[in-house]
Amino acid sequence: MLIRLSVVNLLKISKDITYRNMHLLVSNKAFVNGEWVEAKSKDTFDVVNPAEGCVVGKVPNMSVEDVELAIKAANEAFECWKHTTNKERSVLLRNWYNLLNDNVEELAKIMTLESGKPLIESRVEANYGNGYIEYFSEIARSINGEIIPSSIKTKQYFVTKQPIGVAAFITPWNFPHAMIARKAGAALAAGCTCIVKPAEDTPLTALALANLAYEAGIPKGVFNVVTSDRKKVNKVGELLCTSPDIAGVSFTGSTEVGKLLYKMCSTGIKRIGLELGGNAPFIIFSSANIDKAVTGAMQSKFRNCGQTCVSANRFLIQDDIFDEFISKFKDAISKLVIGNGLNETTTIGPLINKQQFNKVEAFVNDAVDKGAKVIIGGSSSDQGELYYTPTLLTDIKPNMKLYTEEVFGPVAACIRFRTEEEAIQIANSTRRGLASYFYSENYRQIFRVAKEIESGMVGVNEGIISAAEAPFGGVKESGIGREGSHHGIDEYVYIKYTCFGNLD
Ligand code: ADP
């Protein structure tokens, strides 16, 4: 059934840009049990375009009582969904993927509107996110069990995988589509139903996904989206983590909130997946191909204005190639085009909100006060309130925030090192361990460093590592569990062992 409601026929985006017929841009409604719903209180909150500060939508500000209805609907839907065949789920996911694919351009525009990321990147994200739904539609049919040979003749041991139940997703604003698709694709393929609580900055993309999921034939109650602002999210988060009617929680976001949710989930020994912050080292060894390293550094650092959890946070550059790398890196940075993401030529958009802007500014000021050298950038931009100029800093030291914490902004912090041991020691001197990168043309070094580096994901001579087919996740305080790849299914299934006896 086609849901084409709340159509915005003419949307004035900015001084220059007007969109017509954004049929996926839902306004004033969330999606529960196959219906577009308001909050019981009728309360709403604004969705703001970070490029210009204008309101681009409103969504219901849902509280615990609203989310309880979504939990009920998802549990009722689970009773049917868990009995669907893997093939049926595969076909429905494929239908969803096809519709998502047909709507890449519109999904991209919605993402740029609410997150500020350049359109060219939003298109990449739409395809990347869609890829998870495609991938999980393909592997839904091979979620297999095992038969284990028994050492007792009269027994047989069967292992089957069963969906855990209702899964709740709490997702961030930096990838408004892909962080939902990565969780939902796996959960739905496994036979779980789900409730998505998107970031308050970017709920419109989540609602667009719901629109297409329902249109694809995914039954009511199987994919729900609830929206709440920052004030209500604490109570809603507590409900999702402590309700006995939620079987698992999957969260992508800050380490601080992740730790809180982990604690709350422990009261019910609830399944939890956490994709938290990183502090990614990006090492360039003497033997590296410098041009390739610069390309990788630009992709890893400046994609999404540096607002990704796998963004390079500390560049470690070997002494003898330091000046060459910095010079080429500076040239590449100076070519970035800062501006409204809706302009096709923009490569660096605004930061998501004032809080994020203040953090980036404070980190740079802290480093400069303590002796860091500004090679390029280092200040706000005249484009608007939330724009920060792409920045390159050298002489970064362990007492600076840029060394120890994730900046989540367009700031490249560079450290000089002499030996491989020193580089590994610096790279691993953090409680975070999500992504790491290094460039080297020495194959022995490549194997040594890839083994020694403490992170869940390693890019060797590569700055972009995420893919639907590959397991995404961290070690140490960067999280638990894996998303994407066939391992992503494990988060949403219980392994059931059945012993058949007296078979003589
Ligand atoms: P950021 O600071 O970058 O927005 P957060 O970790 O605070 O990162 O937010 C990521 C997601 O977690 C968002 O969907 C946000 O609404 C949600 N969130 C924030 N605080 C809580 C909380 N106390 N309980 C549940 N969800 C929360």
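All of the numbers you see were taken from the coordinates with simple rules; none came from a lab. Here the structure is a predicted model, which is why all the values come from computation and not from measurement. So basically every Cβ, Gly included, is an ideal-geometry build from the backbone, and we count neighbours across all protein chains shown.
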* **C-alpha long axis of helix 203-215 to longest principal axis of the chain, angle in °** => 40
* **Karplus (6.51, -1.76, 1.60) ³J(HN,Hα), θ = phi - 60°, over region 79-94, in Hz, Gly and Pro reported as x** => 4, 8, 4, 5, 9, 5, 7, 4, 5, 4, 5, 4, 5, 5, 5, 5
* Structure fact -> When C309, C80 are ranked with the fewest other C-beta atoms within 10 Å first, the list becomes C80, C309
* Residue-wise HN-Hα coupling along region 308-315, computed from phi with Karplus coefficients 6.51, -1.76, 1.60 (Hz; x: Gly, Pro) -> 10, 6, 9, 4, 4, 10, 10, 8
* C-alpha long axis of helix 178-190 to longest principal axis of the chain, angle in ° -> 30
* Asked: What would the Debye formula give as log10 I(q)/I(0) at q = 0.19 Å⁻¹ for the alpha-carbon point model of region 384-426, no solvent?
  -> -0.67
* Counting only residues 5 or more places away or on other chains, whose amide H sits under 5 Å from the amide H of V196 once H atoms are built in the peptide plane? -> F169, N224, V225, V226
* **Fewest-first sequence of D323, D229, D369 by Cβ atoms within 10 Å of each Cβ** => D369, D323, D229
* Structure fact -> With +1 at each Lys and Arg Cβ and -1 at each Asp and Glu Cβ, the charge dipole magnitude of the chain around its Cα centre, to the nearest 20 debye, comes out at 800
* **Reach of K72 by Cα under 17 Å, taken over aspartates and glutamates that are not fewer than 8 positions away in the same chain** => E35, E38, E238, D245
* **Whole-number Å³ per residue for the convex hull built on Cα positions in the chain** => 150
* Can you tell me how much longer the chain between Y494 and A467 gets when fully stretched, taken as 0.36 nm per residue apart minus their C-alpha distance, in nm with one decimal? => 7.2 nm
* Using only the Cα atoms of region 353-482, what do you get for the radius of gyration and for Dmax, in Å? -> 16.3, 48
* Structure fact -> From the Cα centre of region 38-108 to that of region 432-493, the distance in Å is 30
* Along the charge dipole of the chain, Cβ charges K/R +1 and D/E -1, which of T160, F315, S429 sits furthest on the positive end? -> T160
* Asked: Where a ≥ b ≥ c are the square roots of the eigenvalues of the C-alpha gyration tensor, would you call region 290-383 rounded, which needs a/c under 1.5, or, failing that, prolate if a/b is larger than b/c, or oblate?
  -> oblate
* Structure fact -> So, relative contact order of region 445-504 in percent, Cα under 8 Å, 6 or more apart, is 21
* Structure fact -> For region 335-382, shape from the Cα gyration tensor axes a ≥ b ≥ c, cut at a/c of 1.5 then a/b versus b/c, turns out oblate
* To do: Normalising by the residue count of the chain, find the relative contact order in percent from Cα pairs under 8 Å and 6+ residues apart.
  => 17
* Asked: If you plug each phi of region 478-487 into the Karplus form 6.51 cos²θ - 1.76 cosθ + 1.60 with θ = phi - 60°, what whole-Hz ³J(HN,Hα) values come out, in order, with x for Gly and Pro?
  -> 8, x, 9, x, 10, 10, x, 6, 5, 5
* What is region 200-343's relative contact order, in percent, from Cα pairs under 8 angstrom and six or more apart in sequence? -> 17
* Asked: Want the number for S142 to S379: 0.36 nm per residue separation, take away the alpha-carbon distance, what's left?
  -> 80.1 nm
* Degrees between helix 119-139 axis and first principal axis of the chain (Cα, 0 to 90, nearest 10) -> 40
* Please give the length that would be gained between K87 and K330 if that part of the chain were fully extended, namely 0.36 nm times their separation in residues minus their C-alpha to C-alpha distance (nm, one decimal). => 82.3 nm
* How many nm is it between the label spots at Q156 and Q445, if each spot is 7 Å from the Cα in line with the beta carbon? -> 5.7
* So what is the 222 nm mean residue ellipticity for the chain from helices alone, if each DSSP H run of at least 4 adds -39500 (n - 2.57) and you divide by all residues, rounding to the nearest 500 deg cm²/dmol? -> -11500 deg cm²/dmol
* Structure fact -> What the Cα atoms of region 61-164 span along the principal axes, largest first and in whole Å, is 64, 36, 21
